[in-house]
Amino acid sequence: MAKTIMTADDSASVRQMVTFTLKQGGYDVVEAVDGKDALQKLSQCKVDMLITDLNMPNLDGIGLIKGARALPACKFIPIIMLTTESQDSKKAEGKAAGATGWIVKPFKPEQLMAVVKKVLG
Amino acid sequence: MVMDVHVQAYREEAYEYLAELESSLLELEDHPEDADLIGRVFRVMHTIKGSGAMFGFDDIAGFTHEVETVFDQVRNGQMAVSSQLVTLTLAARDQIKAMLAASEHGTPVDAAESVRIVAGLRELSGKGDRDAPGVTAAAAAHGGETEPVAVTYRILVTPVAEIFASGTNPLALLNELRELGPCQAVAQLGRVPAIDEIDPEHCYVAWHVVLTTDRGIEAIRDVFVFAEDVCELKIEVIDDGSASGGYKKLGEILVEKGELAPDALAEILASQKRIGTLAIEKGVHPEAVTAALVEQQHVKQQREERQKQESAASIRVPADKLDLLVNLVGEMVTVQARFTQTAVERRDPKFKAIAEEVERLTGELRDIALNIRMLPIGSTFSKFKRLVRDLSAELGKEIEMTTAGADTELDKTVIEKLNDPLVHLLRNSIDHGIELPEVRAAGGKPRQGTVHLAAQHAGDSVILSIKDDGAGLDREAIRAKAVERGLIPANAELSEKEIFGQIFAPGFSTAKQVTSVSGRGVGMDVVKRSIEALRGSIEIDSRRGEGTLISIRIPLTPAIIESLMVMIGGNRYLLPLSLVDQCVLFPKEDRERCHGRDMVNVRGRMIPFIPIRERFGLAGKRPDIEQIVIVEMDGMQVGLVVDYVIGEHQTVIKSLGPAYKDVRGVSGATILGDGAVALILDLPQIVQSVENEAA
């Protein structure tokens, strides 16, 4: 069965690109427009991996990661955060909150796939 | 293109964000302390920058970065919002909008304006002189590219107990290591507590891994890039790829890894038991001993393989040396044939035994010599990729070329001689076959056409095929053209294959317009001639609207062929055995029954025949019982009348030399066992010329 990956990002173009790339790679994708939306969807459906932006309205990426780790179903899933090079402190904060890894923006579809394969095993 | 859709989506989104940015900024001017508003501005800048770089808007990303940096400071309370800042940011917003518009319409933006805004922003944030870092590429280039050497590493992976809470799967890490090269992991269970103390959400296992890879230590560290906080990692080089032969003793490995104290080792060595058993008695964990043993085995194996590889390494030899070798082997085969024949005549069993031995060795030598010249056809394929790209661009077509069987081997000289015909056929497919994108779309096909070039082995030959999904051949147009050119009579009843075969006739072209690419009406006949010169054959299959498939069958080597030896008027001739279908007797009575028409009934089928004796104007009396060799060419059977058939013959083909290059009906010659010369008949050419005379 295809694994399901959630992409949480307030930028529709990034979501579109992530979704397109993952679907090409044979994954199912759930989209969420911000941290709040993501958390609500996570409690409803089973997701094998989460890719989240850090800067989002309503609930930001760090809040989402903490919230997700508190859900039993998401306790051990890989969580990848999208960061920019100017956010080293954020990276550490995200790791502390329970993120598995990160992708530095801008990234190419191949880089995204490489990271997904890496953490999903 | 897929990417264009994303780019367009980005543009639309960016325009929305810019509108939001404008209203937020204006609001911010009235409420300069509003953290929510500041956060919103930062987020918009951040998104425009991040996505911009992703979809190739590097100018926008670089410029927006400057604005974002300033707002990061505002957000962190290092800087206050001033009306000056708002003015500059609004100007920046207009500038980004102009950049977006420029990417669509191509009118360049005023770069001086960007510089002015950036300078103003830097001055505000008080770092006017310092150079901003700008946008850096995400992927760091790998350092110092040197010849990769396979190095063996010992990697000790000790995850922290809470590793699972970070979403990291240690087994995925080990699997990733395995992708780098030969790898063996031994789980270390020393930290596993008693069962009532086990927390199932914790990880107690560590791994000792031995890995051989040529990707360098950085590639190993990359595997653990996300896991460096949750995993203790120790990487050591244990074999740098230069040494060969044996590896360290078990005891040495254990001491080196700190599992065993050196004096304990000395003690163990003093007694004479197996060291592994003794080390365990000394308190070393059994898994640690296993790991050391695995390491020993692994390195030994790597070194042995390296030695093997070194001795099996290839050497470069000039091609003409190989050609010379093949020529000499050809001579050798000829001499050997004479030798064998002499031995048979002598009736000396001892002599004959030697001759047979020489025959066997010569055969092997011939096979090896011919094999040395075999090359994969792949290099030619990749050359064609460029051709297809350039041509399709020139013609305004969208064409993708796919290939298969690039590793199929063919004789070097054959590959060279195949180049021109293949280029011609590809050009035809691109120019005449594949339609313009609009035409394709209208016909319900994908805009992009494909040309598939494939090579595969089939018995003692290689089949090359060029397949396109273009318009296909127009049967009626070809027929009409062939009639117009006088190639076939207007009322001729031809099979589809025969009609398609017409395009190989000299001077045939159905292109409505002559283009610079192809369609000069020369070519297809030349293609056919060149393929036949390689003793190959060419076939066309096509379906209107669906595409065309051209298959070329080429024998593996050109220098030595199996042939059928026949006798005509006291001379021996050779026919390529691959074309021969059957041999039948042709007695005088049958001949008289033909009444001058060159047709014979063979097992209920009427087959046309060519009396070679008459054709070549050979003197002498026809024997009472002749034989007919029936050959098959282009799906048609033709008989050749000869005096009698002698048998199969291994034929080393010799060219007749430039003086005889215009001789028709003969493709080459060979030297027979007794030193005599026999001619090799050019059957396609003979049949063709008889057909032409009849028409």
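The values are calculated or read from the model by the stated rules, or taken from the named source; none is laboratory data. The structure displayed is predicted, hence computed values, not measured ones. Heads up, the Cβs are rebuilt from the backbone with ideal geometry, glycines too, and the neighbour counts pull from every protein chain shown. Heavy atoms of the whole protein, side chains included, go into the accessibility calculation; ligands, DNA and RNA do not. Shrake-Rupley method; radii C 1.70, N 1.55, O 1.52, S 1.80 Å.
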- Query: In segment B:384-405, which residues are surrounded by 18 or more Cβ atoms within 10 Å (Cβ to Cβ) and in a strand (DSSP E or B)?
  - Reply: B:I399, B:M401
- Only residues in segment B:475-494 that are over 24 Å from B:G545 (Cβ atoms) count as the first member; pair them with residues that are hydrophobic (A, V, I, L, M, F, W, C), Cβ under 6 angstrom, at least 6 apart or cross-chain, and list the lot. B:L487/B:A505; B:I488/B:A482; B:A490/B:V483
- Item | Where A:Q16 falls short, out of the listed (1) within 11 Å of chain B (Cβ to nearest Cβ); (2) farther than 20 Å from B:K49 by Cα | (2)
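Checking the conditions here, which among B:L387, B:L426, B:L395, B:L436 is among the hydrophobic types (A, V, I, L, M, F, W, C), closer than 25 Å to B:P555 by Cα, in the same structural domain as B:D541 (by TED's automatic domain parsing) and touching a residue at least 24 places away in the same chain (Cβ under 8 Å)?
B:L426
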- Message: Given the options B:A266, B:A292, B:A288, name the one that is in a helix (DSSP H, G or I), at pLDDT 75 or above and exposed (fewer than 12 other Cβ atoms within 10 Å of the Cβ).
- Response: B:A266
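Given the condition open to solvent by 70 Å² or more (accessible area, probe 1.4 Å), touching a strand residue (DSSP E or B) at 6+ places or on another chain (Cβ under 6 Å), within 22 Å of B:D525 (Cβ to Cβ) and not assigned by TED's automatic domain parsing to the domain that holds B:L324, answer yes or no: does some residue in segment B:612-630 qualify?
Initial filter on segment B:612-630 (open to solvent by 70 Å² or more (accessible area, probe 1.4 Å)): B:614-615, B:619, B:621, B:624-625.
If we keep only those that are touching a strand residue (DSSP E or B) at 6+ places or on another chain (Cβ under 6 Å) as well, we get B:625.
Adding the requirement that they be within 22 Å of B:D525 (Cβ to Cβ) leaves none.
Taking every residue of segment B:612-630 in turn, none turns out to be open to solvent by 70 Å² or more (accessible area, probe 1.4 Å), touching a strand residue (DSSP E or B) at 6+ places or on another chain (Cβ under 6 Å), within 22 Å of B:D525 (Cβ to Cβ) and not assigned by TED's automatic domain parsing to the domain that holds B:L324.
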- Message: Which condition from (1) open to solvent by 70 Å² or more (accessible area, probe 1.4 Å); (2) more than 28 Å from B:Q8 (Cα to Cα) is the one that A:G94 breaks?
- Response: (1)
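Okay, residues lined up against (1) assigned to a strand (DSSP E or B); (2) at pLDDT 85 or above; (3) over 29 Å from B:T380 (Cβ atoms):
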| residue | (1), (2), (3) |
| --- | --- |
| B:D431 | no, no, no |
| B:V439 | no, yes, yes |
| B:H452 | yes, yes, no |
| B:Q456 | yes, no, no |
| B:G470 | no, yes, no |
| B:G486 | no, no, yes |
| B:A490 | no, no, yes |
| B:I503 | no, no, no |
| B:P506 | no, no, no |
- Query: With (1) within 15 Å of A:T19 (Cβ to Cβ); (2) within 12 Å of chain B (Cβ to nearest Cβ); (3) of a type in the set (K, R) as the list, and A:K118 as the residue in question, which single condition is left unmet?
  - Reply: (1)
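Mind counting the residues in segment A:93-106 that are facing chain B (nearest Cβ under 7 Å) and within 14 Å of the chain's Cα centre (by Cα)?
Looking only at segment A:93-106, we keep the residues that are facing chain B (nearest Cβ under 7 Å), and these are A:95, A:98, A:100-101, A:104-106.
So of that shortlist, the ones also within 14 Å of the chain's Cα centre (by Cα) come out as A:95, A:98, A:100-101, A:104-105.
Adding up the residues that qualify gives 6.
Can you name the residue in segment B:19-61 that is within 14 Å of chain A (Cβ to nearest Cβ) and not in a helix (DSSP H, G or I) and, of all such residues, is most open to solvent (accessible area, probe 1.4 Å)?
Within segment B:19-61, the subset within 14 Å of chain A (Cβ to nearest Cβ) is B:20-21, B:24, B:35-61.
Narrowing further to those that are not in a helix (DSSP H, G or I): B:55-57.
Numbers: B:F55: 14, B:G56: 55, B:F57: 15 Å².
Top of the filtered list is B:G56.
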- Checking B:Q73, B:Q95, B:Q84 in turn, the sole residue that is of a type in the set (S, T, N, Q) and under 51 Å from the mean Cα position of the chain (by Cα) turns out to be B:Q95
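Mind telling me which of the residues B:L325, B:L370 ends up being at pLDDT 85 or above, closer than 20 Å to B:T651 by Cβ, assigned to a helix (DSSP H, G or I) and not basic (K, R)? Don't jump to the end; show me each part of the working.
Numbers: B:L370 fails: at pLDDT 85 or above.
Of the residues listed, the single one that is at pLDDT 85 or above, closer than 20 Å to B:T651 by Cβ, assigned to a helix (DSSP H, G or I) and not basic (K, R) is B:L325.
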- Single residue of segment B:652-685 satisfying the filter (of a type in the set (G, A, S) and more than 28 Å from B:Q341 (Cα to Cα)) that is surrounded by the fewest Cβ atoms within 10 Å (Cβ to Cβ): B:A659
- Message: Is it the case, given these coordinates, that B:T168 is closer than 17 Å to B:H285 by Cβ and of a type outside the set (A, V, I, L, M, F, W, C)?
- Response: no
- Task: Those residues that are over 21 Å from B:T47 (Cα atoms), within 11 Å of chain B (Cβ to nearest Cβ) and in a helix (DSSP H, G or I), I need them from segment A:43-71; list them, please.
- Result: A:A68, A:R69
- Take segment B:668-681 and flag every residue that is free of Cβ contacts under 8 Å to residues at least 24 places away in the same chain and touching a Lys or Arg at 6+ places or on another chain (Cβ under 8 Å). B:G668, B:A669
- Among the listed residues B:D348, B:D367, B:D320, which satisfies the condition of being surrounded by fewer than 16 Cβ atoms within 10 Å (Cβ to Cβ) and closer than 30 Å to B:I466 by Cα? B:D367
- Item | Leading residue by the ranking (modelled with the highest pLDDT) among those in segment B:1-16 that are open to solvent by 70 Å² or more (accessible area, probe 1.4 Å) and β-branched (V, I, T) | B:V5
- Within segment B:195-218, can one find any residue that is surrounded by fewer than 18 Cβ atoms within 10 Å (Cβ to Cβ) and assigned to a strand (DSSP E or B)? no
- Message: I'm told A:I77 meets every condition in (1) at the interface with chain B (Cβ under 8 Å from one of its Cβ atoms); (2) in contact with a Cys (Cβ under 6 Å, 6 or more places away or on another chain) except one. Can you identify the failing condition by its number?
- Response: (2)
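Within segment A:74-88, identify whether any single residue is touching a residue at least 12 places away in the same chain (Cβ under 8 Å), assigned to a helix (DSSP H, G or I) and crowded, with 21+ Cβ neighbours inside 10 Å, and answer yes or no. Walk me through how you get there before you give the answer.
First, pick out the residues of segment A:74-88 that are touching a residue at least 12 places away in the same chain (Cβ under 8 Å): A:74, A:77-85, A:87.
If we keep only those that are assigned to a helix (DSSP H, G or I) too, we end up with A:74.
Of the ones still in play, those that are also crowded, with 21+ Cβ neighbours inside 10 Å are A:74.
The answer is yes, given that some residue of segment A:74-88 is touching a residue at least 12 places away in the same chain (Cβ under 8 Å), assigned to a helix (DSSP H, G or I) and crowded, with 21+ Cβ neighbours inside 10 Å.
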- Those residues of segment B:79-107 that are free of Cβ contacts under 8 Å to residues at least 40 places away in the same chain and either open to solvent by 60 Å² or more (accessible area, probe 1.4 Å) or of a type in the set (V, I, T) (or both) come to a total of 4
- Query: Here are some conditions: (1) more than 14 Å from chain A (Cβ to nearest Cβ); (2) at pLDDT 85 or above. B:N175 meets all but one. Which one does it not meet?
  - Reply: (1)
